[in-house]
Amino acid sequence: MKKSIILFLLFTINIIFSQTKSNIIPISISKSYQLGFTEYNKEFKLYQNPYILKGGKRYKIKGYHNANYSGGKILSISPNKKYIVLDYISKGYVDDGVNKILYENYLCVIVDVAKRKVVTELQGDCGGKWNKQSRWVNDGKLIF
């Protein structure tokens, strides 16, 4: 009986914690800054709740909503290392009472690293690149 209870508790704990993990290694942005994520969703294989790490202290990125996901990589770092581009994925299920439908919307955001905030949200211009002046350019058009 004790073995059954212990197995049940272990199984329950495993289910509860199987959707997220918190020991995600931060990614270097510069000598002073790193990017980290506090959660990983195993079902979607995506990360959530990004933060900027500076001097051992975590700072939430303002404007990056907790319901959105990222692939867990920095898409691009500006030449002056003041800005990064992260994917900004909206993904989840819509349940109308009859069907459960998966939805996905792929965007990206430019984050001001020092200010720890999203400065712009992009959809069609995520494929751009930084120019030498640390400006985001897509198809020859200045975006940011």
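The values are calculated or read from the model by the stated rules, or taken from the named source; none is laboratory data. Just so we're clear, the structure is a prediction, and the values are computed from it rather than from any experiment. Heads up, the Cβs are rebuilt from the backbone with ideal geometry, glycines too, and the neighbour counts pull from every protein chain shown.
Summary table
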{"item": "Flag for C108 being crowded, with 16+ Cβ neighbours inside 10 Å, farther than 20 Å from G36 by Cβ and of a type outside the set (S, T, N, Q)", "result": "no"}
{"item": "Subset of region 66-87 (residues that are modelled with pLDDT of 95 or more, part of a loop (DSSP other than H, G, I, E, B) and either over 28 Å from N131 (Cα atoms) or in contact with a Gly (Cβ under 9 Å, 6 or more places away or on another chain) (or both))", "result": "none"}
{"item": "Qualifying residue in region 2-22 (condition: more than 24 Å from Y103 (Cβ to Cβ), of a type in the set (K, R), modelled with pLDDT of 95 or more and more than 13 Å from the chain's Cα centre (by Cα))", "result": "no"}
{"item": "Complete set of residues in region 30-54 that are without any contact (Cβ under 8 Å) to a residue 40 or more places away in the chain and not in a strand (DSSP E or B)", "result": "K31, S32, K42, E43, K45"}
{"item": "Of the criteria (1) over 24 Å from Y59 (Cα atoms); (2) surrounded by 14 or more Cβ atoms within 10 Å (Cβ to Cβ); (3) in contact (Cβ under 8 Å) with a residue 40 or more places away in the chain, which one K129 fails", "result": "(2)"}
{"item": "Residues satisfying the stated conditions in region 55-65, i.e. among the basic types (K, R) and free of Cβ contacts under 8 Å to residues at least 12 places away in the same chain", "result": "K57"}
{"item": "Flag for R116 being of a type outside the set (A, V, I, L, M, F, W, C), closer than 25 Å to S30 by Cβ, at pLDDT 95 or above and in contact with a Lys or Arg (Cβ under 7 Å, 6 or more places away or on another chain)", "result": "yes"}
{"item": "Number of positions in region 88-126 that are under 13 Å from I61 (Cβ atoms), charged (D, E, K, R) and part of a strand (DSSP E or B)", "result": "3"}
{"item": "Residues of region 72-105 satisfying the condition of being over 20 Å from S30 (Cα atoms) and either touching a residue at least 24 places away in the same chain (Cβ under 8 Å) or surrounded by 16 or more Cβ atoms within 10 Å (Cβ to Cβ) (or both)", "result": "Y88, I89, K91, G92"}
